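Trainee: One structure is given below, represented as structure tokens, and several questions about it will come after.
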Amino acid sequence: MIDVLKAIALGLVEGLTEFLPVSSTGHLILMGHLLNFTGDVAKTFEIVIQLGSILAVVVVYWERLLKLVNWRSINIYESSSLNLLHIILAMLPAVILGLLVHDLIKKYLFSPYTVLIGLIAGGLLMIFAERKKGMPSTLSLDQLSYKQAFAIGLFQCLALWPGFSRSGSTISGGLLVGTDHKTAADFSFIVAVPMMVAASGLDLVKSYEYISI
């Protein structure tokens with residue numbers, strides 16, 4: 001019963017923080033330590049639980065997500081509208097880096113102290129991006145260039161550090177490369193779907209011994 005109550009508490013934290021640029025993973029780790037829910041099982045739970053919140057993104061953006069499946073909309077030389085290549089370019093940096101350092105992250109960065117560093121650094125980045133952004137040249141998802149998508153993907157790598165908000169880093173990246181707030185937020189949420197599925201899938205594969213039915 002105690003474990004069920006801990007799961008409910010963590011689920012509430014996840015639901016309240018997933019769609020804010022405050023790092024849901026970081027807050028889950030902090031809450032886990034407050035509840036004395038730590039270790040390898042907790043680390044896996046804190047990653048996989050985020051799939052539930054991502055389902056809400058799928059519901060909101062389902063039409064746009066369906067359009068991304070259309071390979072015929074891809075022009076590798078020039079983007080006329082948001083397509084699957086934008087998503088691939090935005091995912092690529094974090095996927096490659098994540099595969100390389102996944103075990104190190106799980107071993108060294110899932111502590112309250114490293115999370116607090118990430119929370120502070122993420123907040124400073126958002127302040128910096130807000131102050132340094134210029135007049136936006138990209139006012140919708142369909143105006144987003146491949147170069148901008150890749151640059152936002154580079155910023156997303158910062159979120160591999162638990163506590164550094166994924167949405168905060170990508171939205172900040174979007175503002176710094178010329179998008180408006182809404183376009184940066186919309187792209188961040190859309191990219192979150194395949195990113196979180198990939199991250200959770202990798203974690204499930206690497207931590208399958210901790211999962212029981």
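Trainee: If I stretch the segment between residue 76 and residue 116 completely, what's the gain in nm (0.36 nm per residue apart, minus their alpha carbon distance), one decimal? Write out the running numbers ahead of the final one.
Mentor: Values: separation 40, 0.36 × 40 = 14.40 nm, distance 4.03 nm.
Contour length minus Cα-Cα distance gives 10.4 nm.
Trainee: A further question follows. Under a cut-off of 20 Å between alpha-carbon atoms, report the lysines in cross-link reach of residue 43, not counting same-chain residues fewer than 8 places apart.
Mentor: Residue 43 reaches 6, 106, 107, 206.
Trainee: What full-extension length gain, to one decimal in nm, is calculated for residue 104 and residue 142 as 0.36 nm per residue of separation minus the Cα-Cα distance? Walk me through the numbers on the way to the answer.
Mentor: On the way: separation 38, 0.36 × 38 = 13.68 nm, distance 3.70 nm.
Result for the pair: 10.0 nm of gain on full extension.
Trainee: With charges only on Cβ, +1 for K and R and -1 for D and E, what is the dipole size of the chain about its Cα centre, in debye, rounded to 20? Provide the component values of the computation, followed by the final result.
Mentor: Values: 14 positive and 14 negative charges, 79 e Å.
Here the chain has a charge dipole of around 380 debye.
Trainee: Where Lys and Arg each count +1 and Asp and Glu each count -1, what net charge lies around residue 125 among other residues with Cβ under 15 Å from its Cβ? Could you put the intermediate results ahead of the total?
Mentor: Values: positive: 131, 132, 133, 166; negative: 130.
So the environment of residue 125 carries a net charge of +3.
Trainee: Could you give the angle, 0 to 90 degrees to the nearest 10, between helix 24-34's Cα long axis and the longest principal axis of the Cα atoms of the chain?
Mentor: Relative to the chain, helix 24-34 is tipped by roughly 10 degrees.
Trainee: For residue 92 and residue 206, what is the calculated FRET efficiency with R₀ set at 22 Å and r taken between the beta-carbons, to the nearest 0.05?
Mentor: Numbers: r = 20 Å, r/R0 = 0.93.
The formula returns an efficiency of 0.60 here.
Values quoted throughout were computed directly from the atomic coordinates according to the rules given, and no laboratory measurement underlies them. Because the structure is a prediction, the values reported are computed rather than measured. No Cβ is skipped: glycine too gets one built from the backbone with ideal geometry, and neighbour counts run over all protein chains shown.
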